[in-house]
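The values are calculated or read from the model by the stated rules, or taken from the named source; none is laboratory data. Just so it is clear, the structure is predicted and the values come from calculations on it, not from any experiment. Using ideal geometry, Cβ is built from the backbone for each residue, glycine included, and neighbour counts are taken over all protein chains shown.
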Amino acid sequence: MVKNIHYGTGRRKKAIARVWIKPGKGEYSINKREVDDYFPRKSLQYIINQPFNLLESTTGKYDVIATVKGGGLSSQAGAIRLGISRALILMDEELRPSLKKAGFLTRDSRMVERKKYGLRGARRAFQFSKR
């Protein structure tokens, strides 16, 4: 088994990302697709790159392999970012303070509120009419 591969799990909303990082050229593989193909919006690509951009010493030095399922594209990008951050900490514990300060190690626990019976949505009631 190769010792240079590090694993991290990330979650956001309903998205779950399993992320492996290994020394390489800075290439991404998300569900066996290129990052430009999977995340066409530059803002989502930026979210994924944030841990590496914060730590200039790691930019372009690691390949990322991620499998992600559930949620939408935005929550999948946030889940991958958390997974990358957790994997980087397993690789080097000294990176923890800077990643923690940037908020990349905090799991965003906000979830969609469930719909209640008798209402149109989670809180939205049906329109009231006196007659």
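Laid out as a table, the results:
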{"item": "Selected residue (only one of I21, I65, I80, I89 is under 27 Å from R110 (Cα atoms), among the β-branched types (V, I, T), buried (at least 18 other Cβ atoms within 10 Å of the Cβ) and under 12 Å from the mean Cα position of the chain (by Cα))", "result": "I80"}
{"item": "Flag for G60 being among the small types (G, A, S), surrounded by fewer than 14 Cβ atoms within 10 Å (Cβ to Cβ) and either within 30 Å of E113 (Cβ to Cβ) or in contact with a strand residue (DSSP E or B) (Cβ under 8 Å, 6 or more places away or on another chain) (or both)", "result": "no"}
{"item": "Residue match in the range 37-50 (condition: closer than 18 Å to G10 by Cα and in contact with a strand residue (DSSP E or B) (Cβ under 6 Å, 6 or more places away or on another chain))", "result": "yes"}
{"item": "Considering residues of the range 70-116 that are assigned to a loop (DSSP other than H, G, I, E, B) and aliphatic (A, V, I, L, M) only, the residue farthest from Y46 (Cα to Cα)", "result": "V112"}
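Residue by residue, here is whether (1) among the charged types (D, E, K, R); (2) within 21 Å of K101 (Cα to Cα); (3) modelled with pLDDT of 95 or more holds:
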| position | (1), (2), (3) |
| --- | --- |
| N4 | no, no, no |
| R18 | yes, no, yes |
| D36 | yes, no, no |
| F39 | no, no, no |
| L55 | no, yes, no |
